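The values are calculated or read from the model by the stated rules, or taken from the named source; none is laboratory data. Treat the numbers as computed from the prediction; the structure is a model and nothing was measured. Because the Cβ atoms are built from the backbone with ideal geometry, glycine has one as well, and the counts that use them run over all protein chains shown.
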Amino acid sequence: MFGIEEVKLTGKQSKTYHIGECCYYGTVKVTVHKNQVLKVVLCDYKTTNEREVKIFDKNERREMKNYLEESSTFYYADKIMKDFYE
């Protein structure tokens, strides 16, 4: 989207979570970019069309967790945060 090359940050380059009815639109995709930018995309569950995109710097951990908690449940927000920050 921004021409930023994707690389691994915490062992994961990108991951898609098919959460279902516990999340707005059903699917969350998180991608890590070279300059430590995390891109969170909320997609439709069946068609995977992008509905909402939010970009966070690696230092904006609290803001990203709050966004994920508003978009899904605390459980899934915590699970996603652990995959990319620990």
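Quick notes
- For first residues located in region 74-86 and within 19 Å of GLY26 (Cβ to Cβ), partners that are of a type in the set (Ser, Thr, Tyr) and lie 6+ apart or on another chain with Cβ distances below 7 Å form the pairs TYR76/TYR17; ILE80/TYR17.
- Pick from region 61-81, criterion hydroxyl-bearing (Ser, Thr, Tyr) and either surrounded by 12 or more Cβ atoms within 10 Å (Cβ to Cβ) or within 19 Å of VAL32 (Cβ to Cβ) (or both), ranking: farthest from the chain's Cα centre (by Cα): THR73
- Filtering region 53-67 to residues that are charged (D, E, K, R) and touching a Phe, Trp or Tyr at 6+ places or on another chain (Cβ under 7 Å) leaves LYS54, ARG61, GLU63.
- Screening LYS58, LYS46, LYS39, LYS34 for residues that are surrounded by 14 or more Cβ atoms within 10 Å (Cβ to Cβ), modelled with pLDDT under 90 and among the basic types (Lys, Arg) leaves exactly one candidate, LYS58.
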